[in-house]
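A short write-up of the structure that comes next.
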Amino acid sequence: MDALDRVVKPKTKRAKRFLEKREPKLSENVKNAMLIKGGNANLLVTQVLRDVYALKKPYGVLYKKKNITRPFEDQTSLEFFSKKSDCSLFMFGSHNKKRPNNLVIGRMYDYHVLDMIELGIEKFVSLKDIKNSKCPEGTKPMLIFAGDDFDVTEDYRRLKNLLIDFFRGPTVSNIRLAGLEYVLHFTALNGKIYFRSYKLLLKKSGCKTPRIELEEMGPSLDLVLRRTHLASDDLYKLSMKMPKALKPKKKKNVSHDTFGTTYGRIHMQKQDLSKLQTRKMKGLKKRPAERITEDQEKKSKRIKKN
């Protein structure tokens, strides 16, 4: 049995709190990411990992030492690091003659590799190279995906889902306009993925809604899709399963539209509108001449019947 798999009984209150944080919860903690250097990672790959770590702070762990491992051949070391650092996302950087400037991005399910995708770096511009103001640490980004491949191709669809999982940050209930500070833009075009990062500037427009300008902040990456290791459909559905306690209870005869408006359906018996009591108004009262004509019509109808 692995040292991390055995049942550990806490001896101190601090150890007890530490283990309680790692216990399964209905509302899970924010997913942390670990960034690992391979045994032959070059300067470019190392700088990419540092820049991604700067975007992920404080929900990331950067391993500074080199680790000799190959994720597509043996995942035991990744699973060990995942359990040790309590991270469900990972990014592994390596470099060799066959696959230069290589990045592997993936995620875990129950401390086992669920799926991972290998990307090749063709062009890279660092955070340091772009001399603009940066966003503060822990800012939640806005994610934009452009390109038909993200909706058509299965590999690109999984990559989109993986990138959302990797960069989404904490779940928030309310958003204020001033909190929308930077954008991560992913474009799939001609077999390449273009990753750009922009800072969002709110300018005066003369009305309530401000004018928006984008200023490139960095990092900037041109990526190529290489190998993929995707989970089976059954395992993928199992990982997406929602606990029963979190599922909203269905209410009868209540529906919602795309804008969140609630509609209710009421079932009633058939009403006799002739007996309906309406509000009495002076403006609706009949004039004496109208009453006389009505009385005459009623009398004429009675005479005809007789």
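The values are calculated or read from the model by the stated rules, or taken from the named source; none is laboratory data. Source: prediction; values computed, not measured. Virtual Cβ from ideal backbone geometry, glycine too; neighbours counted across all protein chains shown. Just the protein is used for accessible areas: all its heavy atoms, side chains included, with ligands, DNA and RNA removed. Shrake-Rupley method; radii C 1.70, N 1.55, O 1.52, S 1.80 Å.
Using only the Cα atoms of segment 119-188, build the gyration tensor, take square roots of its eigenvalues as a ≥ b ≥ c, and label the shape rounded, prolate or oblate: rounded if a/c is under 1.5, else prolate if a/b is larger than b/c, else oblate. Can you show the working numbers first?
On the way: a/c = 2.31, a/b = 1.24, b/c = 1.87.
Taking the square roots of the gyration eigenvalues as a ≥ b ≥ c, segment 119-188 is oblate.
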> What list of ³J(HN,Hα) values in whole Hz, one per residue of segment 43-59 in order, does the Karplus curve 6.51 cos²θ - 1.76 cosθ + 1.60 (θ = phi - 60°) give from phi, with Gly and Pro shown as x?
Replying inline: 5, 5, 5, 4, 5, 4, 5, 5, 5, 5, 5, 5, 6, 8, 3, x, 9
> From the Cα gyration tensor of the chain, with a ≥ b ≥ c the square roots of its eigenvalues, which class applies: rounded if a/c is under 1.5, or else prolate if a/b is larger than b/c, or else oblate?
Replying inline: prolate
>> Which one, LEU162, ASN253, THR209, is farthest towards the positive end of the dipole of the chain when Lys and Arg carry +1 and Asp and Glu -1 on their Cβ?
In response: ASN253
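Once you've got the Cα coordinates, tell me which of LYS275/LYS299; LYS64/LYS131; LYS84/LYS249; LYS64/LYS203 are over 29 Å apart. Please list the in-between numbers first.
Working: LYS275/LYS299 24 Å; LYS64/LYS131 25 Å; LYS84/LYS249 37 Å; LYS64/LYS203 40 Å.
Too far apart for the 29 Å limit: LYS84/LYS249; LYS64/LYS203.
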>> Cut-off under 30 Å on the C-alpha distance; same-chain residues fewer than 8 positions from LYS247 excluded. Which lysines are left, in chain and number order?
In response: LYS16, LYS21, LYS25, LYS31, LYS56, LYS83, LYS140, LYS160, LYS237
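Under 1.5 on a/c is rounded, so check that first for segment 83-227, then, if it is not, pick prolate when a/b is larger than b/c and oblate when it is not; a ≥ b ≥ c are the square roots of the alpha carbon gyration tensor eigenvalues. Mind dumping the intermediate values first?
Working: a/c = 1.80, a/b = 1.51, b/c = 1.19.
It comes out prolate by the Cα gyration axes.
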>> Between segment 45-69 and segment 210-274, what is the separation of their alpha carbon centroids in Å?
In response: 32
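Give me the compactness ratio for segment 17-78, meaning the Cα radius of gyration over 2.2 N^0.38 Å. Don't jump to the answer; show the numbers that get you there.
Details: Rg = 14.3 Å, N = 62, 2.2 N^0.38 = 10.6 Å.
Relative to the rule-of-thumb radius for its length, segment 17-78 sits at 1.36.
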> Can you give the accessible area of SER232 in Å² (nearest 10), computed on protein heavy atoms with a 1.4 Å probe?
Replying inline: 70
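Sort VAL224, VAL104 from largest to smallest accessible area, using a 1.4 Å probe on the heavy atoms of the protein chains.
Numbers: VAL224 35, VAL104 0 Å².
Reading off the accessible areas and sorting them downward yields VAL224, VAL104.
Let's see if you can work this out: charge +1 on each Lys and Arg Cβ, -1 on each Asp and Glu Cβ, no other charges. What is the dipole magnitude of the chain about its Cα centre, in debye to the nearest 20? Please list the in-between numbers first.
Details: 68 positive and 35 negative charges, 564 e Å.
Dipole size: approximately 2720 debye.
To the nearest 500 deg cm²/dmol, what mean residue ellipticity at 222 nm is calculated for the chain from DSSP H runs of n ≥ 4 alone, each contributing -39,500 (n - 2.57), summed and divided by the residues?
Numbers: 7 runs with 77 residues, N = 306.
Using -39500 (n - 2.57) per qualifying helix, the result is -7500 deg cm²/dmol.
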>> Taking the alpha-carbon distance from LYS98 and a cut-off under 20 Å, which aspartates and glutamates remain once sequence neighbours fewer than 8 residues away in the same chain are dropped?
In response: GLU73, ASP74, GLU118, GLU122, ASP222
